[in-house]
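To start, the structure itself, in structure tokens.
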Amino acid sequence: MGRDKAFIKVNGEALWRLQLAKLQGLCDEVIVCGNSTQAQTLESTGVRFESDADAALGPLSGIACAMQAATSAHVLVLAVDMPRMSERYLANLLELSTQESGVVPQNGGIFEGLCAVYPVSMHSLVLRLLNGAERSIQRLVELGLEERLLRSKPVEFSERALFENWNLPSDVVLV
């Protein structure tokens, strides 16, 4: 996209603020994981911010960061570039998670791993992937499913728009 998506404004509000409001409505503890450039802005707002060990490793690094910093048994992951995601859908994911397992939406053949509930017990799997050649969210979910640490939730046709993510300047629209 050529710029940090977190600071794109929609209806006058930065994306990170829109996503943060959804999470604050659902979670006792909210941790924003990102790069050092984001830290300067976010830390001044009172939001708990943790820097990715290596943001160049992609979103898996952010998930590892959140798992490391969390004091709860699960982390609710929400990508900043999914502005149509609703608080209601996120609440449903939390309700479907159990003590033993998290929940990841499955949109056709794709796991929506950047809008999911992960048990912190998956941290070692995340680190294993980060230290290997395949740093894929899809692979993380596959391993979580194999080890019964995750369950999938089919995405209904009417829910698909919630998972639109913004990767190009032309994707940015009013929400």
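The values are calculated or read from the model by the stated rules, or taken from the named source; none is laboratory data. It should be emphasised that the depicted structure is a prediction, and the values quoted were computed from it without experimental measurement. All Cβ positions, even for glycine, are placed from backbone atoms using ideal geometry, and neighbour counts span all protein chains on display.
Quick rundown of the values:
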read-out: Long-range neighbours under 6 Å by Cβ, at least six apart or interchain, first residue within 22 Å of ASN92 (Cβ to Cβ) within the stretch 16-37, second of a type in the set (Gly, Ala, Ser) and crowded, with 18+ Cβ neighbours inside 10 Å; value: ILE31/ALA66
read-out: Selection from the stretch 25-38 of residues that are modelled with pLDDT of 85 or more and over 21 Å from GLU112 (Cβ atoms); value: ASP28, GLU29
read-out: Residue count for the stretch 127-149, restricted to those that are over 12 Å from GLY102 (Cβ atoms) and not hydroxyl-bearing (Ser, Thr, Tyr); value: 15
read-out: Test: residue in the stretch 135-152 that is among the hydrophobic types (A, V, I, L, M, F, W, C), out of contact with any helix residue (DSSP H, G or I) (no Cβ under 7 Å at 6 or more places or on another chain) and at pLDDT 95 or above; value: yes
read-out: Flag if CYS65 is under 12 Å from the mean Cα position of the chain (by Cα), free of Cβ contacts under 8 Å to residues at least 40 places away in the same chain and surrounded by 15 or more Cβ atoms within 10 Å (Cβ to Cβ); value: yes
read-out: Residue that is farther than 19 Å from VAL32 by Cα and under 13 Å from the mean Cα position of the chain (by Cα), where the choices are PRO105, PRO59; value: PRO105
read-out: Of all residues making up the stretch 70-113, the number that are outside any strand (DSSP E or B), more than 14 Å from VAL126 (Cα to Cα) and not basic (Lys, Arg); value: 28
read-out: Matching residues, the stretch 115-155, being farther than 18 Å from ASN92 by Cα and assigned to a strand (DSSP E or B); value: none
read-out: Residue in the stretch 39-63 that is modelled with the highest pLDDT, counting only those that are in contact with a strand residue (DSSP E or B) (Cβ under 7 Å, 6 or more places away or on another chain) and of a type outside the set (Gly, Ala, Ser); value: ILE63
read-out: Hits in the stretch 73-96 - residues which are in contact with a Cys (Cβ under 8 Å, 6 or more places away or on another chain) and without any contact (Cβ under 8 Å) to a residue 60 or more places away in the chain; value: LEU76, VAL77, LEU78
read-out: Some residue of the stretch 4-20 being of a type in the set (A, V, I, L, M) and either surrounded by fewer than 15 Cβ atoms within 10 Å (Cβ to Cβ) or at pLDDT 90 or above (or both); value: no
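Results for (1) surrounded by 12 or more Cβ atoms within 10 Å (Cβ to Cβ); (2) of a type in the set (Ser, Thr, Tyr); (3) touching a Ser or Thr at 6+ places or on another chain (Cβ under 8 Å), shown as yes or no for each residue.
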position	(1), (2), (3)
THR71	no, yes, no
VAL77	yes, no, no
VAL80	yes, no, no
SER97	yes, yes, no
PRO105	yes, no, yes
SER121	yes, yes, no
PHE157	no, no, no
